[in-house]
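Worksheet for the structure shown next.
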Amino acid sequence: EKEGFEHFTLKEIFEQPKAIRNTLFPRLDKNNDIILDGIKLTKEDIEVFDRVYIVACGTAYHAGLVGRFAIERFAGIPVSVEVASEFRYRDPFIDDKTLFIAVSQSGETLDTLAALREAKRKGARILSIVNVVGSSVTRESHDVLYTWAGPEIGVASTKAYTTQLIAFYLIALYMARLTGKMPENQYHQILDELKGIDKKVEAVLKKADVCKAMAMLQKDNTSVFFMGRGVDVETSFEGSLKYKEISYINSVAIAAGELKHGTIALIEEGTLVMALATQERLFDKMCSNMLEVKARGARVVAIAQEGRTEIEKYASEVFYIPRTMDELAPILSIIPLQLLAYYVSAARGNDVDKPRNLAKSVTVE
Ligand code: M6R
């Protein structure tokens, strides 16, 4: 039931701290050792892999993009991420040195399942990150790491996404440690931060009213652009998808560095630009991109880490997330975007939980 929330989507957005705790804490012991129930990968297995493919659709694909970033940065293994509907129609290099990771909330998405079968036939080791227990994807995988998000009713994926991110961070850190790719102190530093991330998600949710007020200024927009750098690009894609599917606002997401390679031609007086600027390492570059669009009349709404008030020079509104490591920022930065898309959708009178033309689980091609 909706437990007092107007829609399942909103309830599920608010369930994220709990979903994150349920996915994270059972996998950690008191020494910060990661115990991945359902995953039997040994040090030897991991050392054999020369590539990782992450394959999924929609929001799960966006989680995979963050997964690539985490596995490459933490564990140093090359990763490719692909949408499942395309993966099966090329000739990807797959053999018994390939780790194939399928990501799916439902575990029933046909394209993801078909890609998995193809990879398995060619000898890949199949690991899946799935929310629905006992679903088709899990039955055909060698290893399964469940997200414990609980049932997700809203068609727009919210808590499944943030728990998929947690699953990827766990897998990446597990691989990094087992193969000695990460110094111990760094490993503990990241895990300690991860263990407090649920509280930071709660802090973001406490500011839902700020998002609601921002949404009221956006509800009549017909288009929106998202941009970011580094892992903020992935968050831009996911935020953009939320706006499309529940707010019905035409939305485009790009790497900010790509602006002057085309998209900036579309910026004019009043164009709404959502600027993701949570990556400290890339902050100055991001400010330059914001200045470029602002100078052409864009109305810039930024997401940044607390304390980065200089961003107010480049944006007309800023939503601040609690300070965290750049690597883990995707868990926090998506929350205001989910809330914004939700409040815009509700303000427009859309059927938020069941957006037009969409199904919760896509079991056809
Ligand atoms: O059940 P799955 O995670 O395999 O579903 C994949 C996509 O269909 C799904 O994420 C879809 O994009 C959502 N409606 C996004 O909110």
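The values are calculated or read from the model by the stated rules, or taken from the named source; none is laboratory data. Quick caveat: nothing in here was measured; it's all calculated off a predicted structure. Backbone-built Cβ (ideal geometry, glycine too); neighbour counts: all protein chains shown. Each accessible area value is taken on the protein alone, full model and side chains, heavy atoms only, with ligands, DNA and RNA left out. Shrake-Rupley method; radii C 1.70, N 1.55, O 1.52, S 1.80 Å.
Brief remarks on what is shown
- Residue, farthest from VAL137 (Cα to Cα), within the stretch 74-95, restricted to residues that are touching a residue at least 40 places away in the same chain (Cβ under 8 Å) and exposed (fewer than 15 other Cβ atoms within 10 Å of the Cβ): GLY76
- Taken over the stretch 148-173, the criterion of being over 17 Å from GLN338 (Cα atoms) and surrounded by fewer than 22 Cβ atoms within 10 Å (Cβ to Cβ) is satisfied by TRP148, GLY150, PRO151.
- Considering the stretch 100-114, the residues that are under 18 Å from GLY67 (Cα atoms) and more than 9 Å from the ligand (Cβ to nearest atom) include one that is surrounded by the fewest Cβ atoms within 10 Å (Cβ to Cβ), namely PHE100.
- Qualifying residue in the stretch 299-307 (condition: of a type in the set (Val, Ile, Thr) and open to solvent by 40 Å² or more (accessible area, probe 1.4 Å)): no
- Residue within the stretch 245-253 that is within 16 Å of the ligand (Cβ to nearest atom), surrounded by fewer than 18 Cβ atoms within 10 Å (Cβ to Cβ) and either without any contact (Cβ under 8 Å) to a residue 12 or more places away in the chain or within 23 Å of the chain's Cα centre (by Cα) (or both) present: yes
- Taking the criterion of being in contact with a strand residue (DSSP E or B) (Cβ under 6 Å, 6 or more places away or on another chain) and buried (at least 22 other Cβ atoms within 10 Å of the Cβ), the residues of the stretch 322-365 that qualify are LEU332, SER333, PRO336.
- Residues considered: PHE225, PHE283, PHE237. Of these, the only one that is modelled with pLDDT of 95 or more and outside any helix (DSSP H, G or I) is PHE225.
- Any chance ILE71 is away from the ligand (no atom under 16 Å from the Cβ), part of a loop (DSSP other than H, G, I, E, B) and open to solvent by less than 20 Å² (accessible area, probe 1.4 Å): no
- All positions within the stretch 120-147 that are open to solvent by 10 Å² or more (accessible area, probe 1.4 Å) and within 15 Å of the ligand (Cβ to nearest atom): ASN131, VAL132, VAL133, GLY134, SER136, THR138, ARG139, GLU140, SER141, VAL144, TYR146
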